[in-house]
1. Looking at (1) part of a helix (DSSP H, G or I); (2) more than 14 Å from chain A (Cβ to nearest Cβ), which is the one condition that is false for B:Leu45?
2. Pull up the range A:404-423, narrow it to residues that are β-branched (Val, Ile, Thr) and under 14 Å from A:Val327 (Cα atoms), then point me to the one that is nearest to the chain's Cα centre (by Cα).
3. Tell me whether the range A:104-122 contains one or more residues that are farther than 27 Å from A:Ala222 by Cα, surrounded by fewer than 24 Cβ atoms within 10 Å (Cβ to Cβ) and either in contact with a Cys (Cβ under 8 Å, 6 or more places away or on another chain) or without any contact (Cβ under 8 Å) to a residue 12 or more places away in the chain (or both).
4. Can you confirm whether A:Phe600 is over 26 Å from B:Ile43 (Cα atoms), without any contact (Cβ under 8 Å) to a residue 40 or more places away in the chain and away from every other protein chain (no Cβ under 14 Å)?
5. Of everything in the range A:294-326, what is within 19 Å of A:Gly228 (Cβ to Cβ) and not aromatic (Phe, Trp, Tyr)? Give them in sequence order.
6. Is it fair to say A:Glu571 is farther than 30 Å from A:Lys310 by Cα and charged (D, E, K, R)?
7. Within the range A:395-431, count every residue that is in a loop (DSSP other than H, G, I, E, B) and surrounded by 23 or more Cβ atoms within 10 Å (Cβ to Cβ).
8. Of everything in the range B:74-102 that's in a loop (DSSP other than H, G, I, E, B) and touching a residue at least 12 places away in the same chain (Cβ under 8 Å), which residue is nearest to the chain's Cα centre (by Cα)?
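The values are calculated or read from the model by the stated rules, or taken from the named source; none is laboratory data. These figures come from a predicted structure and were not determined experimentally. A quick note on method: Cβ atoms are made from the backbone with ideal geometry, for glycine too, and the neighbour counts reach across all protein chains shown.
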Amino acid sequence: MLDVIWLIPAFPLAGFLLILLFGRKLGEPRSGYLAAAMVLASFVVAVGAFFDLLSIDDEHDRHHVETLFSWVPVDALQIDMAFLADPLSITMCLFVTGIGFLIHLFAIGYMHGDPRFSKFFLYLNLFVLSMTLLVLGENLLVTFLGWEGVGTCSYFLISFWHERDSAATAGKKAFVTNRIGDWGFMIAMFLGFAHVGSVSYGALNGAAEGGGLSTRTATLIALFLFVGAVGKSAQLPLYLWLPDAMEGPTPVSALIHAATMVTAGVFLMTRMNPMLAAAAPEVSQVIAWVGVLTALFAATVAVAQTDIKKVLAYSTVSQLGYMFLAVGSGAFVAAIFHMVTHAFFKALMFLGSGSVIHGMHHEQDMRKMGALRKVMPITAITFLIGWLAIAGVPPFAGFWSKDEILLFTLAERGPVLYVLGLVTAILTAFYMTRQIIMVFFGEARWTSHANADEAAPEDVASDDHHVSTAHGEFKPHESPVIMLFPLVVLAGLSIVGGVIQLPSFGFIPHDWQHKLESWLHPVVAAGEAHITGSSAYENKGLLALLAIACALVGIAIAIAIYVRKVAKPVEPELLANGWYYDRAVSDFMGGPGRKAFEAFAWFDRTVVDGAVNGAAKLVKAGAGGVRTAQSGNVRNYAGIVGVGVVLLLVWFVIGRGFF
Amino acid sequence: MSPVLAAVVPTTAYYLILSAVLFGIGATGLLVRRNPLIMFMCIELMLNAVNITFVAFATRFGDISGQTAVFFVMVVAAAEVVVGLGIIISILRRRPGATADDLAELKG
């Protein structure tokens with residue numbers, strides 16, 4: 001399967017082209033099934049490739065480059081359209097296509113009745129194509145192609161319901177904010193070419209490992225790559241597009257803005273881990289700090305959100321912060337581990353919220369929900385599993401990955417970052433508990449607006465298969481099987497996802513420990529931190545208990561406040577508005593920023609355009625004088641030619657001294 | 001042939017003078033006449049005046065390249081006649097009696 005690794009992106013490409021050509025004819029739901037089948041086919045190829053790699057005994061031979069064609073052959077710059085199959089890229093492919101398939105299935109139910117049904121799956125397949133290109137690329141340019149592709153699809157899908165002003169604006173915001181990150185990515189690429197003469201991962205990482213790069217160059221490349229990662233993975237200070245991206249349909253939020261695309265930055269940093277190892281140690285410090293501050297910041301904001309998807313959005317930003325904390329602590333395996341488990345439980349919860357929104361007739365305000373477990377039992381149970389996983393309750397998947405990140409943080413970065421991480425863990429458990437209480441428990445607040453008009457008129461996905469919209473009675477309902485199936489599968493994965501990387505506790509069989517670490521070892525060997533001798537590692541059992549305690553404390557506080565009502569909920573405006581960061585940015589850009597841009601525009605109009613227009617005017621005036629020579633009279637011309645000949649003759653004879 | 005004429009041995013200068021006269025006639029005609037057809041004929045006159053110089057010098061120096069050049073001039077002139085006459089005829093068909101001075105559409 002390794003030599004047909006290109007099939008992984010080829011299947012979604014075929015789906016994209018087929019839907020592009022015949023989408024209207026296929027219609028609903030066949031275009032959805034076609035798209036899902038293509039992603040499933042990619043998944044099968046990825047599984048085959050996985051076992052092929054696994055069957056290679058020597059872990060250093062688990063590395064296969066498949067070159068399709070020479071893409072940019074320009075003198076010294078030789079870039080191939082080549083795919084790299086190694087443990088990291090195959091891990092990414094497995095969960096991108098696997099979860100992608102489940103979300104495609106969910107979307108068939110969720111997008112039911114949408115007039116642009118087939119177009120939605122067109123974009124989804126294009127997204128999977130770009131994402132697989134991103135992770136499979138053998139050089140930075142192929143990855144960049146995918147990088148831009150997922151950004152474009154993200155833009156299309158956020159503003160999928162572009163009739164809504166907020167959706168169109170959110171799409172633009174995501175696109176523009178991502179440009180800043182793309183700039184960093186491109187600078188890193190240029191630097192790599194300037195100093196190594198290649199943009200392929202093998203050459204760049206080889207130079208970094210072999211000491212062929214000065215620390216200064218490696219630092220610059222690593223920093224600029226991190227700028228790219230910050231944009232794509234929604235870290236401070238560029239996180240602000242992600243909460244707005246929730247304007248897109250919920251399957252999009254689950255696929256792009258939780259499970260796959262936003263983790264591209266973490267993937268990139270892991271892929272380039274030898275570069276990070278060769279860079280100045282301050283780079284990792286910066287990454288760890290950005291990560292932990294983002295995690296804490298977003299967790300505080302999530303505490304006060306009332307929109308069901310906004311909570312999950314800020315939670316995603318926060319969890320991505322954990323992944324960057326891991327990257328900054330040299331825990332690349334833990335970062336990928338958390339990426340995978342996060343993809344399981346966050347996709348689960350986004351789809352669960354999609355199911356809730358679907359059942360609530362496109363109501364997203366949690367204050368109008370409550371007690372939904374009675375009408376949506378399967379959604380509720382699966383969502384609760386996701387909640388336990390993200391809160392960090394063992395044995396659910398999120399506990400293992402978060403615990404490992406915190407362990408590395410304490411060992412590598414010291415107690416300050418560790419405590420910040422723990423506080424974030426408490427907040428995570430708190431806001432997620434708050435969410436499930438508001439949505440699934442307590443009293444039903446939706447009867448109070450028993451009115452079909454609540455389903456806002458601009459909602460495109462129609463609810464014509466519900467009796468309720470026709471007249472009067474508003475009643476939430478459980479979602480169809482095609483939406484529940486992905487929920488159940490993801491819930492199962494969220495429970496057992498931790499087995500891929502169990503820690504070395506005494507009670508866990510030795511064969512079951514550190515599976516992911518030994519699998520990813522050849523890729524991350526250069527950058528991975530070794531903490532086995534540290535005091536943190538000696539006390540890892542104690543630390544795990546501490547993490548569990550934090551999760552339980554968070555849950556307990558939330559129950560005390562929202563169920564027992566021992567204290568009034570603390571949801572200050574400050575947090576609900578995200579510390580006014582978003583407002584501050586838009587105010588700054590609207591005020592002084594706008595003035596600065598206007599000054600630039602003035603400079604452009606008067607000086608730059610002035611120079612250009614001045615040159616044009618000069619030429620025009622000169623031409624106006626010269627063109628009178630063009631009399632249009634043939635005999636005139638003939639006369640001038642004659643005079644010219646005579647003058648030339650005179651010059652030859654007298655000037656040059658002929659004869 | 002009369003003895004007087006037989007006594008005159010034409011030298012290269014003769015041909016050059018003839019050529020210069022022909023060229024002068026052609027150039028003057030081109031400048032003073034307005035009928036496009038006549039102007040066209042004047043151009044032919046000038047071209048062939050030059051041809052005579054080519055041949056004269058080729059004979060004088062025993063070098064064939066002058067005569068070769070004449071062939072090129074004739075071929076180009078033939079091509080030019082085809083195009084030029086075509087244009088002139090189509091102009092005259094649209095505007096009968098037009099002179100070269102009337103055709104000043106390209107005035108700047």
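1. Here B:Leu45 clears every test but (2).
2. My answer is A:Ile405.
3. no
4. So A:Phe600 passes the test.
5. A:Thr294, A:Thr316, A:Val317, A:Leu320, A:Gly321, A:Met323, A:Leu325, A:Ala326
6. No; evaluated as a whole, the condition is false for this residue.
7. 1
8. So, considering only residues that are in a loop (DSSP other than H, G, I, E, B) and touching a residue at least 12 places away in the same chain (Cβ under 8 Å), the one nearest to the chain's Cα centre (by Cα) is B:Ala100.
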